[in-house]
There are 2 protein chains.
Amino acid sequence: MSKSTAARALSGASNVTDEARERVLDAARVVGYERNDLAVGMRSGRTGLLGLVIPDITNPFWAEVARGAQDRAAQNSMSLLVFSSDWDHGREASHLRALRQARVDGAIINPVGDNFDDLDRFGLPFVLIGSSAERFPATSSVGSDIAQAVRIGMDYLVAKGHHAPALILGPKSRIARARFLRTFHEHCVERDVDPSALPMEDGDYTVEGGHAAMKRLLARGRARHLAVFAANDMMALGAMVAVREAGLRCPEDVSILGFDGVPAGAFSWPGLTTVAKPGREIGMRAVDCLFDEIAGRPEHGRVFMPCRLVERGSLADLSVDQPRRTAGAGRG
Amino acid sequence: MSKSTAARALSGASNVTDEARERVLDAARVVGYERNDLAVGMRSGRTGLLGLVIPDITNPFWAEVARGAQDRAAQNSMSLLVFSSDWDHGREASHLRALRQARVDGAIINPVGDNFDDLDRFGLPFVLIGSSAERFPATSSVGSDIAQAVRIGMDYLVAKGHHAPALILGPKSRIARARFLRTFHEHCVERDVDPSALPMEDGDYTVEGGHAAMKRLLARGRARHLAVFAANDMMALGAMVAVREAGLRCPEDVSILGFDGVPAGAFSWPGLTTVAKPGREIGMRAVDCLFDEIAGRPEHGRVFMPCRLVERGSLADLSVDQPRRTAGAGRG
DNA sequence: TTGAAAGCGCTAACAT
DNA sequence: ATGTTAGCGCTTTCAA
């Protein structure tokens, strides 16, 4: 029997006798044959490899995204190369290069910044993940519905009597920051609040960054009550520690609202009230989109996954006893 | 100019004229040439790919290990395929198969259970990570020094007046459990404590598991003070929540000691006192060992990384006012 | 339905 | 120092 017939049997082609197929499959089982994906990739141009570039693998939110992507990839018998860029342009560029050299069939990318040259040059099918999509309108993307998320958060803050929350944002270099801020501003305008009057500090999406930002916020002087909306949970958790270190209490003196829905938020004290993104679903959905992209049918376009509020104990309810407006909270 | 000369220039071989090399490199730059790792792998048998199989990518400890491995791999211009087995034998087996088919040069593996058949059949160089090493004495391994870690923990517990702590362990199927328990017993014997009298419950290394285990522990009846040594931080954090839910206080009523050193432990209230493993270093070291293994020089053998105590607020100090022995704590 | 043969991009003998 | 050649394991024409 020739190699071709065997190959056809192995790859499940139709033009093979049932008898021949069985003989091949049996033999393969006996010998313990395992097809060499490398060689297949060489000829067919498809490696069965997918890439994922996220900013921080140790951030539970991104780990959750990675897990979702991994699972969905496995369901389609593909493997996932996970890279953490650590918010570093150089690292990101080298990861992109590694992905290309490994001849991945496609990649899911959360770009570090607004330098999209590397992406333009990427040359392989890819899907954006996170908030960077709007700078790349031609590319499919999956992210959370920031507009909806911010609205949920604002509605909750207002319902609890916090009409002018301070903000702890991501670094200026990140597109997600602008996206968050713009949406926030829109909601302020809707509520006749002047957003420029609200205190805001930049963090870097890490616990330490949130901690430092909160210290700066506190140093601005104190109102009766300060409410803070942090752009991610890790910063919110850091902020909470800073509050305690300052001899203040959360939520009695300072209310904190997070964004992400990481598990650790359930174990802080008080528990972190937060707007939760569906990380796992985002990862899975991104893989689906990537498959469409690879197949040349970018049906999805931009996908925005809905978020939901997880109510725990980090926000004081100011609405009950004294429903007043504290515009400029945190400035004293 | 022939392909060979070009190839030699590109791969940095010595037997090429400087002039020829420069011409090749220039041309490569102009064309934007990028070597095809697949083809290289095909001929040379090396893909530049490494595999990592961990039980849970969303557990911050393992994420830290993955990050360390990733970094070290990148330093040697290799890529890492990260797989999460989720403590499932079938998943693990399929990941191992994926690794083999992708023709990784080697893998770092934390086996799910004691079914080592898959590993025996793996056929590629690999290094064990975690506690499973002792079942595979012939294989290089990297893990934390459990004996030292347990001693540190016990010394601290005893120093604070907790002579008979309860235990929240991992599932019976995991080797790490036996390792932890055996070491614990040895330390008990050294201190004239009967380990069989101490209450212990099984968890599954998740927050939920720790939560449930603590509830069972509490249901056994209460001593004046209960001290608990959890086999990992996530379970310790879950236990802490259970304590609060039971209307008890940590550390006043229940002291908790964790094991891992995950960042979230710093944001619980009280902060989690824990024995911290060097996750990142373990990941990096494992890659080093793997390189040795691939090169056919298994110099390292078994590497045990030292752990250290991180003192936060989850343990009460019983030693000051009443230095007594509460053997059988938690039984009433 | 099957076989023969070419070739994916590269490397490693070997010959020059 | 350079060129020539064979071949890694597979898929895919093209003929039979």
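Against the conditions (1) at the interface with another protein chain (Cβ under 8 Å from one of its Cβ atoms); (2) over 17 Å from residue B:127 (Cα atoms); (3) within 18 Å of the chain's Cα centre (by Cα), residue B:35 satisfies every one except (3). Flag: residue A:179 matches the condition of being basic (Lys, Arg), closer than 24 Å to residue A:112 by Cβ and touching a helix residue (DSSP H, G or I) at 6+ places or on another chain (Cβ under 6 Å).
Taken over the stretch A:208-264, the criterion of being among the β-branched types (Val, Ile, Thr) and either within 11 Å of chain B (Cβ to nearest Cβ) or farther than 25 Å from residue A:179 by Cβ (or both) is satisfied by A:241, A:243, A:254, A:262.
Residue pairs whose Cβ atoms lie under 7 Å apart, separated by 6 or more positions or on different chains, with the first residue in the stretch A:1-26 and farther than 18 Å from residue A:44 by Cβ and near DNA strand C (Cβ under 8 Å from one of its atoms) and the second open to solvent by less than 60 Å² (accessible area, probe 1.4 Å) and in a loop (DSSP other than H, G, I, E, B), are A:5/A:16. Between A:34, A:19, the distinction of being under 23 Å from residue B:102 (Cβ atoms) and either surrounded by fewer than 13 Cβ atoms within 10 Å (Cβ to Cβ) or hydrophobic (A, V, I, L, M, F, W, C) (or both) belongs to A:34 only. Can you spot a residue in the stretch B:20-31 that is in contact with a Ser or Thr (Cβ under 9 Å, 6 or more places away or on another chain) and on the phi > 0 side of the Ramachandran plot? Scanning the stretch B:20-31, I find no residue that is in contact with a Ser or Thr (Cβ under 9 Å, 6 or more places away or on another chain) and on the phi > 0 side of the Ramachandran plot, so the answer is no.
Residues of the stretch B:196-213 that are farther than 15 Å from residue B:235 by Cβ and either of a type in the set (Lys, Arg) or surrounded by fewer than 17 Cβ atoms within 10 Å (Cβ to Cβ) (or both): B:196, B:197. What's the number of the only condition in (1) touching a residue at least 12 places away in the same chain (Cβ under 8 Å); (2) open to solvent by 40 Å² or more (accessible area, probe 1.4 Å) that residue A:75 fails to meet? Among (1) touching a residue at least 12 places away in the same chain (Cβ under 8 Å); (2) open to solvent by 40 Å² or more (accessible area, probe 1.4 Å), the lone unmet condition for residue A:75 is (1).
Counting only helices (runs of 4 or more DSSP H) that fall entirely inside the stretch B:45-124 and contain at least 3 residues that are at the interface with chain A (Cβ under 10 Å from one of its Cβ atoms), the qualifying elements are B:60-75, B:89-101. Taking the stretch B:251-284 as the range and being small (Gly, Ala, Ser) and in a helix (DSSP H, G or I) as the test, the residues that pass are B:264, B:265, B:266, B:279, B:283.
Among the residues of the stretch B:1-20, write down those that are outside any loop (DSSP other than H, G, I, E, B) and more than 7 Å from DNA strand D (Cβ to nearest atom). Walk me through how you get there before you give the answer.
Start the filter on the stretch B:1-20 by keeping residues that are outside any loop (DSSP other than H, G, I, E, B), which leaves B:3-10, B:18-20.
Once the filter is applied, which keeps residues that are outside any loop (DSSP other than H, G, I, E, B) and more than 7 Å from DNA strand D (Cβ to nearest atom), the stretch B:1-20 yields B:6, B:7, B:9, B:10, B:18.
Just checking, does the stretch A:140-159 include any residue being at pLDDT below 90 and surrounded by fewer than 23 Cβ atoms within 10 Å (Cβ to Cβ)? There is no residue in the stretch A:140-159 that is at pLDDT below 90 and surrounded by fewer than 23 Cβ atoms within 10 Å (Cβ to Cβ). For residue A:123, the conditions (1) touching a residue at least 24 places away in the same chain (Cβ under 8 Å); (2) in contact with a helix residue (DSSP H, G or I) (Cβ under 9 Å, 6 or more places away or on another chain); (3) surrounded by fewer than 19 Cβ atoms within 10 Å (Cβ to Cβ); (4) not aromatic (Phe, Trp, Tyr) all hold with the exception of (1).
The values are calculated or read from the model by the stated rules, or taken from the named source; none is laboratory data. Computed from a predicted structure; not experimentally measured. FYI the Cβ positions are ideal-geometry reconstructions off the backbone, even for glycines, and counts take in every protein chain you see. Surface accessibility is based on the protein's heavy atoms, side chains included, excluding ligands, DNA and RNA. Shrake-Rupley method; radii C 1.70, N 1.55, O 1.52, S 1.80 Å.
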